[in-house]
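K.L.:
Here it is, the structure, as structure tokens.
Only the coordinates and a few stated rules stand behind these numbers; no lab work does. In this text, all values refer to a predicted model and were calculated from it rather than measured experimentally. As a convention, Cβ positions derive from the backbone with ideal geometry for all residues, glycine included, and neighbour counts pool all protein chains shown.
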Amino acid sequence: LTNNGSAARCLRANHAAMTIGDGLNMTLRLQDPLHSNHATCLCDACEADRTSCGCSDPRTCAAKAASRLEQILPRWVP
């Protein structure tokens, strides 16, 4: 996650997302039927990020993680 925008900084500082696995874990909420595409989403993952990580907009952080992963996954073959 090598970007310096506010969402990328939040991913590193608040969510401690440093690896591809961390990014993948952040994106799981985007598949959750209880997740809503709003800054005030009340799904369990977003609520946990607000309370335990101090993130003000977990949806944006998850979307940023997804966009960064989409950039590397097509090129990365382990």
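K.L.:
Just need the relative contact order of the chain here, percent rounded to a whole number, with Cα pairs under 8 Å and 6+ apart.
P.N.:
Here the relative contact order equals 35 percent.
K.L.:
Name the residue from Leu28, Cys46, Ala17 whose Cα lies farthest towards the positive end of the charge dipole of the chain, charges +1 on Cβ of Lys and Arg and -1 on Cβ of Asp and Glu.
P.N.:
Ala17
K.L.:
Sorting check: for 59-70, 9-20, which peptide has the highest mean count of neighbouring beta carbons within 10 Å, and how do the rest follow?
P.N.:
For the peptides 59-70, 9-20, the packing ranking is 59-70, 9-20.
K.L.:
Per-residue HN-Hα couplings for the range 11-25, Karplus 6.51 cos²θ - 1.76 cosθ + 1.60 at θ = phi - 60°, whole Hz, x for Gly and Pro?
P.N.:
Coupling constants for the range 11-25: 4, 6, 7, 8, 9, 6, 7, 10, 10, 4, x, 4, x, 4, 4 Hz.
K.L.:
Can you give me the three principal axis dimensions of the chain from its C-alpha atoms, in Å, biggest first?
P.N.:
35, 26, 16
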